[in-house]
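Read the structure below first, then the notes.
The values are calculated or read from the model by the stated rules, or taken from the named source; none is laboratory data. Predicted model, so just to flag it, every value in this text is computed and none were measured. Here the Cβ positions follow ideal geometry from the backbone for every residue, glycine too, while neighbour counts run over all protein chains shown.
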Amino acid sequence: MWWTAIIAFFVAILSGLGVGSAGLLVVFLTTVEQLPQLTAQGLNLLFFLFSSGASLVVHMLRIPILLGCVLLLLPGGILGTFLGTAAAHILPQALLRRLFGILLILSGGLGLFKKSRKNEGSPRGSSRDSG
């Protein structure tokens with residue numbers, strides 16, 4: 001069981017680097033640890049709560065958070081949480097696993113094929129990088 005903590009640690013590192021790696025934790029928990037999909041997703045959300053909290057503190061120190069945007073998006077996030085939880089309890093586990101797999105494939109594909117906005121407008125990056 002100690003290696004589960006090690007895997008979670010490396011997933012946290014990947015997540016901190018900006019890799020959407022939380023899905024990796026769900027895959028690990030369902031395939032290696034044989035946890036039910038709903039339990040794995042719940043643990044993933046708990047994991048995300050702590051890692052996103054740490055990221056929020058770092059980002060708040062570097063870039064001001066637009067409170068108006070947060071307040072605008074917050075009700076939809078809360079509603080989505082309740083609707084998603086209700087749907088997860090209603091849907092059969094096999095369907096939930098398939099839908100999660102499709103979501104991972106789609107998000108991975110979008111990550112691979114979408115244009116990077118970081119270097120738009122300048123072939124060498126932003127003027128801040130040229131120092």
Exercise. What do you reckon, is Met60 of a type outside the set (Ser, Thr, Tyr), loosely packed, with under 10 Cβ neighbours inside 10 Å and at pLDDT below 80?
Worked result: no
For this session: For segment 81-99, name all the residues that are surrounded by 11 or more Cβ atoms within 10 Å (Cβ to Cβ) and either farther than 21 Å from Val27 by Cβ or among the charged types (D, E, K, R) (or both).
Result: Thr81, Arg97, Arg98
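Matching residues to (1) at pLDDT 80 or above; (2) under 18 Å from the mean Cα position of the chain (by Cα); (3) farther than 26 Å from Ala5 by Cα:
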{"position": "Ser52", "(1), (2), (3)": "no, yes, no"}
{"position": "Leu74", "(1), (2), (3)": "yes, yes, yes"}
{"position": "Ala94", "(1), (2), (3)": "yes, no, yes"}
{"position": "Gly101", "(1), (2), (3)": "yes, yes, no"}
{"position": "Leu104", "(1), (2), (3)": "no, yes, no"}
Seminar exercise, completed: If you go through Ala86, Ala94, Ala8, the only one that is in contact (Cβ under 8 Å) with a residue 12 or more places away in the chain and small (Gly, Ala, Ser) is Ala8
Problem set entry | Filter pass, Thr39 being surrounded by 11 or more Cβ atoms within 10 Å (Cβ to Cβ), modelled with pLDDT of 85 or more and of a type in the set (Val, Ile, Thr) | yes
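Which members of segment 51-83 meet the condition of being in contact (Cβ under 8 Å) with a residue 12 or more places away in the chain and among the hydroxyl-bearing types (Ser, Thr, Tyr)?
From segment 51-83, those in contact (Cβ under 8 Å) with a residue 12 or more places away in the chain are 51, 54-55; that's our starting set.
If the condition is that a residue be in contact (Cβ under 8 Å) with a residue 12 or more places away in the chain and among the hydroxyl-bearing types (Ser, Thr, Tyr), then Ser51, Ser55 are the ones that fit.
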